[in-house]
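Below is one structure; the comments refer to it alone.
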Amino acid sequence: MTNTLHRKGSVEELKGDYVIFTSIAKDYKPGSAPKIHEFLRICNKYGPVNIGSSKLGSVLQDDVDFNDLVIKLKDGSTSAAVFTDVDTLQKVVSDLVEADLGISINISGLLEGAHECCGKSGIQRHSLEQSLGFWGAKDRLPEREVIEITTLCGHGMVSFNLIRKMMEYVRMRRLTPKKAATIMGKCCECAVFNTDRAERILEKVLEQGEG
Amino acid sequence: MDIDKNRCVGCGNCHAICTMEAISLDLDGKSVVNQDECVECSTCHRVLRDEGYAPALVGSIRSILSAFSLQFMAEVDVCPTNALVPPELEYPRSLRAEFSDPTVVHAGTGVGGRGTEEIKTNEVTGRLRTGEAGIVIELGRPGIGAHFRDVEKVATSLIHLDPHFEANNPVTQLMENPRTGKMKEEVLGEKVLSAIIEIKTTLDKIPDYLSTLESVQAEIDTVFAVGVGSKCNPDSSVPHQKWVEDAGYTLTPNGKTNLGLGRPLFQEKGQ
């Protein structure tokens, strides 16, 4: 899930975009399923806008039910939840620290926000990774709004053309921003797509169209 | 991905959802996949719900509507006739799915997604230790895709820095020789959604790596995303930030934070 490293947006926009996820080291996968269950249960208690697991999909998908997903989880599954404010994230982190699951947990989002969560939960961040942006043939990249949405699923499952189509459908009022955001979110298998942020971006597109 | 032309009704929903713009309308009015461009991510097959309609029924309804100059606009996230068929993939084409479909686990690393652990489990693995930095170069990202020949071009450009390519990384495992950065000949023409070169080095070498990447970027016909990571100092400060910023590069305000909750904790010698 390196993907979440390169989410694009202004600091203000990123304040509403935090992903928390598990990652189980290869040698420690056996026996980890109950811990991942507990991770998801704690996250779900706080109303994430997206939640799921990379091999089973996200709750945005038509055939995925949260309870079924938890039951089907296997050892080592990478699981994630998306929150839209740091205060809620902090409560999640505090609960996870208290649960002492013993599995690796990462936050992807504003470093200051994650640092604040660690401080308030009485832990110290261990390691950190940052992006230096996109290099190479950047002339092949699309417009800013498309990049901001496509990077919400870092595996690149939300195509540029689908995003443009959703923008067009929102402008035509064939879809609401919320419905369009959910359709795009279905493409993201790891449940890290922030539908709330995508909806905000589509609302701006709609406003610009009206302007 | 394959499309069963006996079932496809040419609705075009799979065209927009395709991550590589590899699906288009053929002369016969049915959709067709450009197999050179398809990276076997299976997004079309996973996301488009099968409505289970008989192709003849859909075709008849369309013909009738067309006679009255009307058009039926299907929902955008369906394949009305279940025409998308995931093929059995053989090596080396199977690498496309391994590097592009997050539900496929990399055989060599046992990790899904792009197959890397990086700092995500660092408190347990000790992959990056005090004084060390991790550099990740994800070719093809976002949304353009990359051939392994692009990967090789970047990897070989770094050889003068004597890089330590991470052994538990699927790109390293496809190298003919990690000392040269050369990829296996048979994989060079394979296209994937993205592939991550992962290097471990020392903090003081970060500027050299970044300036080399800056030089090679003009030779690459795709984009790549660069990331740098390190183990935090005991006071929570971040060692790589000074080295990157002093070299004149800008780090994003967001990133990944490993909370250090995994157990057993890796203990460095002397700590």
Matching residues, the stretch B:200-243, being surrounded by 15 or more Cβ atoms within 10 Å (Cβ to Cβ), under 15 Å from A:Leu132 (Cβ atoms) and free of Cβ contacts under 8 Å to residues at least 24 places away in the same chain: B:Gln217, B:Val238, B:Gln241
Residues located in the stretch A:8-30, provided they are of a type in the set (S, T, N, Q) and either surrounded by fewer than 17 Cβ atoms within 10 Å (Cβ to Cβ) or in contact with a Cys (Cβ under 7 Å, 6 or more places away or on another chain) (or both): A:Ser10
Qualifying residue in the stretch B:58-76 (condition: under 18 Å from A:Cys188 (Cα atoms) and within 33 Å of the chain's Cα centre (by Cα)): yes
Those residues of the stretch A:115-147 which are closer than 26 Å to B:Ile137 by Cβ and of a type in the set (Lys, Arg), in sequence order: A:Arg125, A:Lys138, A:Arg140, A:Arg144
Pair list, Cβ < 7 Å and 6+ apart or interchain, from the stretch B:183-197 residues that are in the same structural domain as B:Glu166 (by TED's automatic domain parsing) to residues that are hydroxyl-bearing (Ser, Thr, Tyr) and not in a loop (DSSP other than H, G, I, E, B): B:Val192/B:Ser100; B:Leu193/B:Ser100; B:Ile196/A:Thr2
Residue among A:Ser159, A:Ser104 that alone is in the same structural domain as A:Ile24 (by TED's automatic domain parsing), over 24 Å from B:Val244 (Cα atoms) and either among the polar types (S, T, N, Q) or touching a Ser or Thr at 6+ places or on another chain (Cβ under 6 Å) (or both): A:Ser104
Number of positions in the stretch B:140-159 that are under 11 Å from the mean Cα position of the chain (by Cα) and without any contact (Cβ under 8 Å) to a residue 40 or more places away in the chain: 0
Qualifying positions in the stretch A:105-137 - within 17 Å of the chain's Cα centre (by Cα) and among the small types (Gly, Ala, Ser): A:Ser108, A:Gly109, A:Gly113, A:Ala114, A:Ser131
Matching residues, the stretch B:139-149, being modelled with pLDDT of 95 or more and either within 7 Å of chain A (Cβ to nearest Cβ) or assigned to a loop (DSSP other than H, G, I, E, B) (or both): B:Gly140, B:Ile144, B:Gly145
Test: residue in the stretch B:199-220 that is within 12 Å of another protein chain (Cβ to nearest Cβ), in a loop (DSSP other than H, G, I, E, B) and closer than 30 Å to A:Glu12 by Cα: no
The lone exception for B:Glu90 - which of (1) modelled with pLDDT of 95 or more; (2) in contact with a helix residue (DSSP H, G or I) (Cβ under 8 Å, 6 or more places away or on another chain); (3) of a type in the set (Asp, Glu) it fails: (2)
Matching option when the condition is part of a helix (DSSP H, G or I) and surrounded by 17 or more Cβ atoms within 10 Å (Cβ to Cβ), among B:Val39, B:Val58: B:Val58
B:Pro264 part of a loop (DSSP other than H, G, I, E, B) and touching a residue at least 24 places away in the same chain (Cβ under 8 Å): yes
Extreme residue, surrounded by the most Cβ atoms within 10 Å (Cβ to Cβ), among residues of the stretch B:152-186 that are assigned to a helix (DSSP H, G or I), touching a strand residue (DSSP E or B) at 6+ places or on another chain (Cβ under 7 Å) and more than 12 Å from chain A (Cβ to nearest Cβ): B:Ala155
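The values are calculated or read from the model by the stated rules, or taken from the named source; none is laboratory data. The structure displayed is predicted, hence computed values, not measured ones. In this analysis, Cβ positions are derived from the backbone assuming ideal geometry, glycine residues included, and neighbour counts consider all displayed protein chains.
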